[in-house]
1. By how many nm would the segment from residue 5 to residue 78 lengthen if fully extended, with 0.36 nm per residue of separation less the alpha-carbon distance?
2. May I ask you to compute the full-extension gain from residue 46 to residue 149, defined as 0.36 nm times their residue separation minus their alpha-carbon distance, rounded to one decimal in nm?
3. Give the calculated FRET efficiency between residue 97 and residue 124 to the nearest 0.05, with a Förster radius of 41 Å applied to their Cβ-Cβ distance.
4. Determine the sum of side-chain charges near residue 71: Lys and Arg each +1, Asp and Glu each -1, restricted to other residues whose C-beta is under 13 angstrom from that of residue 71.
5. Given R₀ = 30 Å, FRET efficiency for residue 114-residue 141 by Cβ-Cβ distance, to 0.05?
Amino acid sequence: MEKIQKVVELIETANLTQPKIPTRAFLLDPTDPEWDDDMTLPVIEYEKFIYQAGAFGVNLFLYAYNYNVFTANIRLRLLRYLFPVINIAAFTKVYADYKEQLTKVNLFDQYVYLRAQELVAQNEYLLEHEGLLQINYVDVKRFVWWYEDYKETLGRVHRQANDHEASDFKDSEIILQDFIKRYTNPKENRPLNIANRAAIF
């Protein structure tokens, strides 16, 4: 149990090595006038179309089941003639509604993709400077490098055995300690200066 607690503490310490997050690269600007655009997220109403398809199928089944009645009874001749027309019109209406919603969703996805590309192009300068005085944050590349290294390190942490001994997490401890050494300076008085960190992940 003590060994598990030690590994947990090492993971928490490794998380504290995270550099400051370049907020402008990860957060949206609340003062952006684009927020004033009233855009409703288009969706496809699958439940409605499933219900309509089910009703359409039941209608066809009932007609096929009573086909002899409709064809043999002269009084139902008008219904027999109108049935294909009504069903074709209903199917066309349902398909047109589905196609319209699908088109709206695809167009909205395309707009979001293009707008995302514009935002990336506008903020690309954040990746081209060592330090930006106007936002006072560390290099974005440094943060991304740390985050990917952190994920890879956690992926290698595992329990080697279930002997309830100190050697169960031997390799994991070495991996975590090595990660912490890469992002701290043991010679400093405070290797983990929380004021210069931003551990949120």
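What follows is calculated from the coordinates using simple rules that are stated; it is not laboratory data. All of these numbers come straight from a predicted model, not from anything done at the bench. Don't worry about glycine lacking a Cβ; one is built from the backbone with ideal geometry, like all the others, and counts go over all protein chains shown.
1. 18.2 nm
2. Net length gain for the segment: 32.9 nm.
3. Once rounded, the FRET efficiency stands at 0.50.
4. That sum, taken over residues with Cβ under 13 Å, equals +3.
5. 0.75
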